[in-house]
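A short worksheet on the structure shown next.
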Amino acid sequence: MAEPVAIWHADHVVFARLLDLFESQVEAFHAGERPNYELMTEIVDYLRQYGDRFHHPREEVAFERLVERDPGMRLPVNRLLQEHRVIARAGDEVLERLGEIVEDVMIERAAVEAAAATYLVYYRHHLTSEESKVLPRAGELLTADDWAAVKDAIEDASDPLSGADFEERYRELRKSVSLHPARSRPG
């Protein structure tokens, strides 16, 4: 079933662009420049709000259905489920470090860079794994009933970054994403 897979992939493309934008700000920080901390916070906040609250729970239902249809997918799916938890924690850590910076709390640069690097590495690896291992298999094996269960797993929530009814708090982030050329693509 191509449409749900295409929607899943489209989310991943946006996530990858946001990670690129976030990384460009981390590079500025590493170079001793002053990055846009508000933008960095908006990126991680968006990925936590939309990714962790809507995208990942739907994936988890798809993963469960996929393992039922192909038990050989259990190990890669279990890894991805663990990565959801690690990414959420790493995102919280990044938000905490950025909050400390904004509040002028003395913090070691290395702590900020380590939190950001962990977040970037795990999230990118996660996207690549899903795109290369899970999405193709889900497209082959999941039925219309499976995809309906995925859709129904979470109340219908539009992406707060796109569409006509995007959330106002993401106005600058939306503009930055549209202006920022993608450096990497998932998968």
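Quick notes
- Packing-based ranking, highest mean first, of 100-106, 45-51, 23-29 given that Cβ atoms within 10 Å are counted: 45-51, 23-29, 100-106
- Under the convention that each Lys and Arg Cβ holds +1 and each Asp and Glu Cβ holds -1, the size of the dipole of the chain around its Cα centre is about 580 debye.
- Residue 85 paired with residue 3, simple spin-label distance in nm, labels 7 Å along Cα-to-beta-carbon: 3.5
- Amide H contacts of residue 142 (H built 1.01 Å from N, in plane; Pro and chain starts excluded): no residue 5 or more places away or on another chain comes under 5 Å.
- Placing unit charges on the Cβ atoms of the charged side chains and taking the dipole of segment 2-157 about its Cα centre, the candidate lying farthest along the positive direction among 141, 56, 95 is 141.
- Extension gain, residue 128 back to residue 109 (0.36 nm per residue minus Cα-Cα distance, nm): 4.0 nm
- Karplus 3J(HN,Hα) series, Hz, for segment 11-20 with 6.51 cos²θ - 1.76 cosθ + 1.60 (x for Gly, Pro): 4, 4, 5, 4, 4, 5, 5, 5, 5, 4
- GNM remark for the chain: springs join alpha carbons under 10 Å apart, and the peak mean-square fluctuation among 31, 115, 153 falls on 31.
- Per-residue Cβ neighbour counts within 10 Å put 175, 133 in the sequence 175, 133, beginning with the fewest.
Computed from the coordinates by the stated procedures, all read-outs in this text should not be read as laboratory data. Since we're looking at a predicted model, the values are computed, not measured. Cβ: placed from backbone, ideal geometry, glycine included. Neighbour counts: every protein chain shown.
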